[in-house]
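The values are calculated or read from the model by the stated rules, or taken from the named source; none is laboratory data. In this text the structure is predicted, and so the values were computed from the model without any measurement. Methodologically, a virtual Cβ is constructed for each residue, glycine included, from the backbone with ideal geometry; neighbour enumeration extends over all protein chains shown.
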Amino acid sequence: MGRYVIRRILQMIPLLIGISIVIFAIIQAAPGGPEGTLLDRGMFVDPAAIDAYRARLGVDQPVYVQYLKWVGAMLSGDLGISFQTQRPVLDMIAERLPDTLRLMGVAFVVATVLAIPLGVFSAVRQYSAFDYTATAFSFVAIAMPVFWFGLMLQFIFSVRLQWLPVAGTVTVGVDTFGDRLRHIIMPATVLALHYIAGWSRYMRSSMLGVLRQDYVRTAYAKGLTRRTVIAIHALKNASIPVVSVMTLSIAKLFSGAVITETIFGWPGIGRLFIQSMHARDYPMLMGIMMMGSFMVVAFNLVADVVYGFLDPRISYD
Amino acid sequence: MRILRKAATVFALFSLVVSGAFAGGTQEDSGRATTGAAADDGSKTLYVAYDREIDVLNPFTSQMLCDIQHNISEGLIITNDHNEFIPVLAREIPTFDNGGIVQNADGTYDMTWHLREGVTWSDGEPFTAEDVAFTLEYVQHTPEVYNQSEYNKIISYEIVDDHTIVMTWDDFYTFYAGLFEAMLPKHVLEDLSWEEITQYEPYNRGPEFIGTGPFVFAEWKSGEYIRIERNPDYWRGPEYPLLDEMVFQFIPDQTARFNAMQSGDYHIGQIEATQVDDFSTDGLHVEMIPSNVFYYVGFNIAPPGGRPDLFGDKLVRQAFYAAIDRQAIVDQLLEGTVQIANSPIPPSSAYHNPDVEVPEYNPEHAREMLAEAGWEDTNGNGIIDKDGVEFSFEWLNRSGRADRIAIAQVIQAQLKQVGIDSTMDELEAAAWSQRWRNFDYEAQIGGWFMGSDVSLTNFYHTRDGESGSNNFSGFGDPELDQLMTESDTMVDFDSRKPLLDAAQERLADDAFVIFLYYRDSPWVVADNLTNFRGSGTNLGNWWNAWEWDLE
Amino acid sequence: MTEHNDSLATDNALLVEGIDTVQRSNARIAWSKFRRHRLAMISAVVLLVLTVLCMAAPIVAPYEFDAIDLANIRQRPNAVHLLGTDALGRDLFTRLLFGGRISITIGLTSAFIGTLIGTLVGATAGYYGGRIDNLLMRLTDLAYSIPTLPLMIVLGAYADTQVLGLMLIIGFFSWMSTARVVRGAILAVKQNDYVTAAHALGAGDRAVVLRHIIPNVFNSIVVGATLGVGDAIIVESSLSFLGLGVSPPIPTWGNMLMDSQATMASEPWLTIFPGMAILITVLCVNFMGDGLQDALDPTL
């Protein structure tokens, strides 16, 4: 096991280098540069000011020089300085991460609590009314564009009913638990809905597969009750692939939820990415993308290890 | 069939929830921020639905509108709701009449600023001429200040005493009074190099961002809001400012911002022209604020993207005025919230020329003009052509602003009526500006922000090689150039006005830009917010926030 | 068989013939299973009707998609304009049809591109194994690790993001899971005796993959591709929301939905109809995928 993990970690290195090159190339090649923000106000800008701006940011240098500088700094833990805000990229990510994690975390927990039972019951009562309802629900959830659903919720609960606030994590000056809760309900619902839809489908099919296995039949044959069989034997085995899917979803938490955060004025990483994209804030964009990628790579490994841990049939060598 | 019924039930339930919410009629239950003027402890907080997060607090290097900053960092001047400069930290604006400006023997000009006495920075240090000089030096050493070239016309300065500074200009410029809209605190930043100041986080980000203004910085929650608090030692007197706190909440999505304003949780926020008719919430109303922004159609004849074959002929360009139904755009599309423009100078400015004439909307006339220029549909495909070239081109359009995108589509359809074919390429801002700056486009629909000073040179002067104006179109008119340049050095209104009037007429006749309309910004404002007098200049709506109150 | 070395070719042909027959009957079984899956059948019919209607938009639609009529903007659904008109006075029903043409095309093409790339990569990796497998799978990991939506946002900012560009972008970022599934399935199938047998009988690589392996991983590919259509339609609408979708005046369901957001309260029909179009289409696609999964699953 130990050797397997070490080998996997070593494999991550070329992978991350590859990722960094791809990301850098794509971001740098996007049309327009950071000087675009100078013109965003629609006011006259002296061309000399634009050149000076580019020079100070270092974007007038050849791309490979910029890349090497960037990688060099990154290796020593420095993700660079944001063009837009003049602040270290790492600080800004660290500042935004807690809110992203809180939003995603709540969505994640809600989704887990709902998706697993939903999937299990759907599978156990395959083709029942419950199963069809659950299926219809998750398909509707998948089929609704996030921004549409989010704005719809806002319209209903903020404008019409005036129950929930539109934007932010907290009412400034009213920082209570209840207030924070009211702020997180809508964005977390929007996010959770998609997880619930996806995971419950996963759980259902995994459970269906397990229920058809020999050992489950054997358990029945031994005279165990249906409840015991499902709770003890089937559920455990059916969860294994779902757990690994969920582990990977955790990794994606770190890149934030671009659209949900934009709609609900949520100060997370996703929003930061959009802001930085409009400003062509290369260091910021690279930092967020690299962090997101790194998390996926790392959690991929975690998922595999967890999988091996849960499923004794798999052995690593 | 059972299955179907189940699915149908789910659907029905879902649509019930949705339609129920829509059909709910108007809910007369707004008991939130807008109606409550003061919190339980009597403090008054103004909640703002702000359309973006700003980049840095430093007002000189920020690339955005600095209306938040001006509440904290005051300048020598600000612009009011009539597009006029009014003194803030200066006792008065220097003019020839008050002896503040004198011409020297060598042709240079001395401009004397008398500063208000008894003003202190919010940390208690006195504000003096040293700070003004420091600010000037900083800007002259920081090339990315967008209007640094204007400051660079100041060739020297002299501090006469703590409250008097004389600046020497190489010539006279009309924008002289529009500079120094903010001040840097010398005692905080003097140990840093110019470059370090630009990157100095405590100043850019808050804790050390101090000014002489009615409010002081309190908190910046990254990505979410900026909060500023009352400055208890404000120089206008202990009763000012009347508000205790302002919170600028960042809500970038325009529909979300509209929802936020409708929810009644905020006192003030900008919405879109197309949303004005839909807005109705008790305790709030919409105000149209002239914004100094004019929209236009621009043509390009310069390589690599330009189309001299299409747009080189003045008659053809003028035909666009006759082909585009600007009145319909204004009345129908923008719900009458804006005014048609025939020139770049907005009616809120005294330099606006109301007598400029352009061809009226008349598609028949447009066809005739085009035919006179040799463009007719000879092959019967519905598109006019000349010498085997079809009149067909591509718009470069900027994504993001709903009104601009809608207008572009209307114009495209109207041009089709006179046989002009066009397609649209919609690009996001950064990509858009790159192509525009490199002349890599055929025609565009754009919007310019007219600064507080209405100089036209920077927009329309013929470009001279690599440098010069933002006239990325390949067009140029020497006579117009002369009018504009001359008007920039005119001292008083009476001699400047005729030059700018002539320039506006010349621009309309040259028609290398087709003016569409002056954009007015709809702002939703709480009924109980008093003394709000919106200003559409680049210095923003908060120019008199010290006297705002919630009643 | 070893006793009849001389008639190997004939036997091989027979064997292949046999498998073909088996496949044909498999298809019949699958079809009858699928038909029994009512929701899937209904979805398939709805989708077919929708697609045909949209593709025939130039014939069916009562107006032109860019026929602006400023005198009649934002009309409620009425006799002249079945679903009302939008902010520029264009007939919503017409735009819905034309929009569907683009959205469905984007959905189908992107899913096709994604599936094609995924199948090729997965099949090559799984079949050849070794270094090729390793290389291709690392490539898949790489593509998989980069957060997709942010990357699409970056790519969406490239010049000339028209329909074709959008299809390529979405397609290029949806092949990874197909590649993994196909590879996994092939690794499993490779162990099976009949593949070894076919190899032993001298069938070429291509033949083995095409005739023996692909049919057996067919169900995963088809289901994946089906769901991919729905995903692509949703992604298109998300990109529209971020201002990176298809340029107006060309309608897509995504940009129609986006354009109507601002007036959701006063003109709900503008937002409800394109929303419903997306919802119904993606819903049907998913039900159909579900039905196909059941129908093609050999263990059921």
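Being surrounded by fewer than 20 Cβ atoms within 10 Å (Cβ to Cβ) and under 12 Å from B:SER122 (Cβ atoms): is that true of B:GLU208 here? Spelling it out, B:GLU208 is indeed surrounded by fewer than 20 Cβ atoms within 10 Å (Cβ to Cβ) and under 12 Å from B:SER122 (Cβ atoms).
All of C:VAL223, C:VAL235, C:VAL217 fail the test of being out of contact with any Leu (no Cβ under 9 Å at 6 or more places or on another chain), more than 9 Å from every other protein chain (Cβ to nearest Cβ) and part of a helix (DSSP H, G or I), apart from C:VAL217.
Listed conditions (1) more than 30 Å from A:GLY33 (Cβ to Cβ); (2) at pLDDT 85 or above are all met by C:GLY129, apart from (2).
Return the residues of the range B:61-76 that are at pLDDT 90 or above and in contact with a helix residue (DSSP H, G or I) (Cβ under 6 Å, 6 or more places away or on another chain); say none if nothing qualifies. The answer is B:ASN71, and nothing else.
Counting only residues that are modelled with pLDDT of 90 or more and within 14 Å of another protein chain (Cβ to nearest Cβ), give me the helices (runs of 4 or more DSSP H) lying completely in the range C:1-114 with at least 3 of them.
Result: C:38-55.
Here the range B:458-512 is the region considered, the condition is being of a type in the set (Asp, Glu) and modelled with pLDDT under 85, and the residue that is surrounded by the most Cβ atoms within 10 Å (Cβ to Cβ) is B:ASP488.
If you go through the range C:263-300 and keep only what is small (Gly, Ala, Ser) and more than 10 Å from chain A (Cβ to nearest Cβ), you end up with C:SER266, C:ALA277, C:GLY291, C:ALA295. Taken over the range C:248-277, residues that are buried (at least 23 other Cβ atoms within 10 Å of the Cβ) and either in contact with a Pro (Cβ under 6 Å, 6 or more places away or on another chain) or among the small types (Gly, Ala, Ser) (or both) amount to 7. Scanning the range B:383-399 for residues that are modelled with pLDDT of 90 or more, assigned to a loop (DSSP other than H, G, I, E, B) and under 20 Å from B:GLN444 (Cβ atoms) yields one hit, B:PHE391. Within the range B:180-207, track down each residue that is more than 14 Å from chain A (Cβ to nearest Cβ), assigned to a loop (DSSP other than H, G, I, E, B) and in contact (Cβ under 8 Å) with a residue 24 or more places away in the chain. Result: B:PHE180, B:ALA182, B:MET183, B:LEU184, B:PRO185, B:GLU190.
Among the residues of the range B:133-168, those that are more than 14 Å from chain A (Cβ to nearest Cβ) and free of Cβ contacts under 8 Å to residues at least 24 places away in the same chain comprise B:ILE154, B:SER156, B:GLU158.
Answer with yes or no whether B:ASN300 is within 12 Å of chain A (Cβ to nearest Cβ) and of a type outside the set (Phe, Trp, Tyr). No: the conditions fail for B:ASN300. Condition first: in contact with a Pro (Cβ under 8 Å, 6 or more places away or on another chain) and not basic (Lys, Arg). Can you find one or more residues in the range C:197-217 that meet it? No, the range C:197-217 contains no residue that is in contact with a Pro (Cβ under 8 Å, 6 or more places away or on another chain) and not basic (Lys, Arg).
Name the single residue that is nearest to the other protein chains (Cβ to nearest Cβ) among those in the range B:400-426 being surrounded by fewer than 22 Cβ atoms within 10 Å (Cβ to Cβ) and assigned to a loop (DSSP other than H, G, I, E, B). By that ranking, first place goes to B:GLY400. Condition check for C:VAL163 on (1) within 20 Å of the chain's Cα centre (by Cα); (2) more than 10 Å from chain A (Cβ to nearest Cβ); (3) under 19 Å from A:ILE19 (Cα atoms): one failure, at (3). State whether the residues of the range B:266-277 include one that is surrounded by fewer than 19 Cβ atoms within 10 Å (Cβ to Cβ) and either within 11 Å of chain A (Cβ to nearest Cβ) or under 21 Å from the mean Cα position of the chain (by Cα) (or both). Looking for residues that are surrounded by fewer than 19 Cβ atoms within 10 Å (Cβ to Cβ) and either within 11 Å of chain A (Cβ to nearest Cβ) or under 21 Å from the mean Cα position of the chain (by Cα) (or both), one finds at least one in the range B:266-277, hence yes.
Taking (1) more than 21 Å from the chain's Cα centre (by Cα); (2) at the interface with another protein chain (Cβ under 9 Å from one of its Cβ atoms); (3) at pLDDT below 85 in turn, C:VAL246 satisfies each apart from (1). Of the helices (runs of 4 or more DSSP H) that lie entirely inside the range B:272-382, those containing 1 or more residues that are closer than 25 Å to B:ALA402 by Cα span B:314-323.
Results for (1) outside any helix (DSSP H, G or I); (2) within 14 Å of chain B (Cβ to nearest Cβ); (3) crowded, with 21+ Cβ neighbours inside 10 Å, shown as yes or no for each residue.
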{"residue": "A:LEU193", "(1), (2), (3)": "no, yes, yes"}
{"residue": "A:TRP199", "(1), (2), (3)": "no, no, yes"}
{"residue": "A:ASN237", "(1), (2), (3)": "no, no, no"}
{"residue": "A:LEU272", "(1), (2), (3)": "no, yes, yes"}
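Counting only helices (runs of 4 or more DSSP H) that sit wholly inside the range A:65-177, those with at least 3 residues that are without any contact (Cβ under 8 Å) to a residue 12 or more places away in the chain and more than 12 Å from every other protein chain (Cβ to nearest Cβ) are A:89-124.
Based on what the data block shows, is B:GLY99 among the small types (Gly, Ala, Ser) and over 30 Å from B:THR198 (Cβ atoms)? Yes, satisfied.
On the stretch given as the range B:441-455, residues that are within 18 Å of A:PRO47 (Cβ to Cβ) and within 10 Å of chain A (Cβ to nearest Cβ) total 5.
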